[in-house]
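Working notes, beginning with the structure itself.
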Amino acid sequence: MLPYIVRRLFVMIPTLLVISAVVFFIIQLPPGDYLETYIAELQAQGESVDQGRIQFLREQYGLDRPMWEQYLTWVWGLLQGDLGYSFEYQLPVSEVIGDRFLLTAIIAVATVIFTYLVAFPIGIYSAVRQYSTGDYVFTFIGYLGLATPNFLLALVMLYFANVWFGTSIGGLMDPELEEAPWSFEKVGSLLEHIWIPMIVIGTAGTAGMIRRLRANLLDELHKQYVVTARAKGLSEGKLIFKYPLRLALNPFIADIGNLLPQIISGAVLVSVVLGLPTNGPLLLRALQSQDMYLAGAFLMFEATLVVVGVMLSDLALAALDPRIRFTGGRRR
Amino acid sequence: MSDIRKDAPEPGEHYVDPAPFDPAADDVAMSAEQERYYQAGQWTIIWWKFKRHRLALWSGILLVAMYLIVLFAEVVAPYELHSRHTGHIYAPPQQLHLFHEGAFVGPFVYGYDFKLNMETLQREYVANPDKVQPVRFFCAGESYAFWGLFEADFHLVCPAEGGTLFLLGTDRLGRDMFSRIVYGARISMTIGLIGVALTFVLGMLFGGLAGYYGGLVDEGVQRAIEILRSFPTIPLFMTLSAILPITWSPVLVFFGISIILALLEWPDLARAVRSKLLSLREEDFATAAQLMGASPLRIIGRHLLPSFASHLIASATLAIPTMILAETALSFLGLGLRPPVTSWGVLLTEAQNINVVALYPWLMLPVVPVILVVLAFNFLGDGLRDAADPYK
């Protein structure tokens, strides 16, 4: 197991490096840099431009140096935990971000757990009772979940949560707790608010997961070992949990590689609609004002979250299924 | 032991049936139906198999109908895209009735009486039972420029003379939602097609190279796909579309967005092409073509691709709904298409805050065609995928 973990960790490094290069390339794509826009804006307003500050920023981020040097500086900063400087807020990016990375990660993890908790029993039920009324109902709801844009679902759920349960509109906690340090009360308020984004973001992923678990389990259910076990008089519940389900579970866990990007994408949209203090709204703002280091930090963080998540699922898979450890990593 | 072998012929002696040999004697005559099946071409069999998937068939019919609407949007919509009705701002949907006071009139609506509630300052519309406004069919209504080419005023349905026909209500400028949804279909339903066409080119190119050459090329393409897929799509969409200059004309933005959609969607198709090619290039007919001196391009294009074209079409169909949803999301955030271009996503930007859900819920109606079209493409794709391999 240990060599596998080490190998898997080493594969991550070049992947993250290439991702950082792509992110850097993308955030450099818009013509000009923020400082040019900034100077033009100040001059348009008739204000004097603080040449010293501009010069300081230009030098600190090497905006006058060649592209590859800028990239190296940026990556080197990232490695040391320096995410760069947000031009719009005139603060280091890490200060602008504050709790947002943590809250984004919390929502993503909560949604993954929600997805598994819901998809698991429903998937099993739909496969074991294939073509029953329940199966049709869940399939129908699942398709609807796949097809409904989740930002609209968020809006509607927010409205009804407010009308029926009196949950405060927007945000992830009561407004007065937002600035407070972390406490039990704050966590409680977070739990009270997190379920709306969790359900909204999780719907599409859950629907897909149910479909795949159902299909996998259906493939296994008609195999001969199931018939043998049944002929030997094993109780139906024990039979399903002990044999076919275990085999159908592999893709279920491996699926996190598809699920995580989907959840994080969904979270961005939903956060903008719900006004959550996560990455989404700030990323949108950063993109609109071309505050590129801020946007780059978000993109980098989200891609890293996905890469780490996929690695964790690979490790879980290797722990569950010994065959995987011996077939040289990800190669064919 | 020897008892059993008593009846067997002596060693070296063969039994020969004296009757004359008729090679056709054992053949079972094929029924007409079987004969029809075995003589049918691949595409015919695919069609037969597809027809059996009821849901997919109906989805296909629905989509054809939708694309007809896209073609003739000006004729289907009772109003022009931008025509405003200042007397009917935020008017709720008008209900269609058939009977007025027990007497059959045909489809008609009751006209609205407008009044401003002075306490809440909300506009209140009350259906006035005296204003019976029968809907006209195949009629002359507002004039429009058909696809911007020539003037006409023929509509499928029009409001009564001097009356109104807001089947799905109006928005904040008093524009008819139904007409706007019909016009919006033109953008929303074509952006997916253009995006998929580009995806097809990219996916076939990269998947084809990786699958046919294998080795280093394959490794490179595989790694590229892996890295592209570890980005969450929406943030990447957002970033890329933020790059499109604001000064671009709406048409350019439209193409820009579809190119971005294609850039992020090709990996799935490329993977499908690659894995199919990897197995197909080992087939005998590929080796035969190679031995006869065919160039790689000819082998891929003439021999390998046609043998899984049906699979490709199925996966392309399944990629369209993703694009439609992505366009809707991007436009909703204000990063995609912008007015005056009207797509379903642009229409939904009007429904951005919670007041809309409470006061003007009909502004969320553009989501209905989105759901319908996405579902229809999904079912159609499922049906096509099942039918794609008819010999299974």
Here the residues within the range B:344-367 that are part of a helix (DSSP H, G or I) and in contact (Cβ under 8 Å) with a residue 40 or more places away in the chain are B:TRP344, B:GLY345, B:VAL346, B:LEU347, B:GLU350, B:LEU359, B:TRP362, B:LEU363
Just a yes or no: is a residue in the range B:75-95 touching a Ser or Thr at 6+ places or on another chain (Cβ under 9 Å) and of a type in the set (S, T, N, Q)?
yes
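Table: residues versus (1) farther than 27 Å from B:GLU80 by Cβ; (2) hydrophobic (A, V, I, L, M, F, W, C).
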{"position": "B:ALA103", "(1), (2)": "yes, yes"}
{"position": "B:PRO107", "(1), (2)": "no, no"}
{"position": "B:GLY111", "(1), (2)": "no, no"}
{"position": "B:MET118", "(1), (2)": "yes, yes"}
{"position": "B:ARG123", "(1), (2)": "no, no"}
{"position": "B:ALA127", "(1), (2)": "no, yes"}
{"position": "B:VAL135", "(1), (2)": "no, yes"}
{"position": "B:ALA140", "(1), (2)": "no, yes"}
{"position": "B:TYR144", "(1), (2)": "no, no"}
So, of the residues in the range B:368-392 that are facing chain A (nearest Cβ under 9 Å) and without any contact (Cβ under 8 Å) to a residue 60 or more places away in the chain, which turns out to be surrounded by the most Cβ atoms within 10 Å (Cβ to Cβ)?
B:VAL374
Please count how many residues of the range A:79-101 are open to solvent by 20 Å² or more (accessible area, probe 1.4 Å), touching a Ser or Thr at 6+ places or on another chain (Cβ under 9 Å) and among the aliphatic types (A, V, I, L, M).
2
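Residues are listed down the side, and each one gets a yes or a no for (1) more than 14 Å from chain A (Cβ to nearest Cβ); (2) open to solvent by less than 60 Å² (accessible area, probe 1.4 Å); (3) touching a helix residue (DSSP H, G or I) at 6+ places or on another chain (Cβ under 6 Å):
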| site | (1), (2), (3) |
| --- | --- |
| B:ASP268 | no, no, no |
| B:MET292 | yes, no, no |
| B:PRO306 | yes, yes, no |
| B:LEU347 | no, yes, yes |
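The values are calculated or read from the model by the stated rules, or taken from the named source; none is laboratory data. Quick caveat, the model's predicted, so the values are computed rather than measured. So basically every Cβ, Gly included, is an ideal-geometry build from the backbone, and we count neighbours across all protein chains shown. Accessible surface areas use protein heavy atoms only, side chains included; no ligands, DNA or RNA. Shrake-Rupley method; radii C 1.70, N 1.55, O 1.52, S 1.80 Å.
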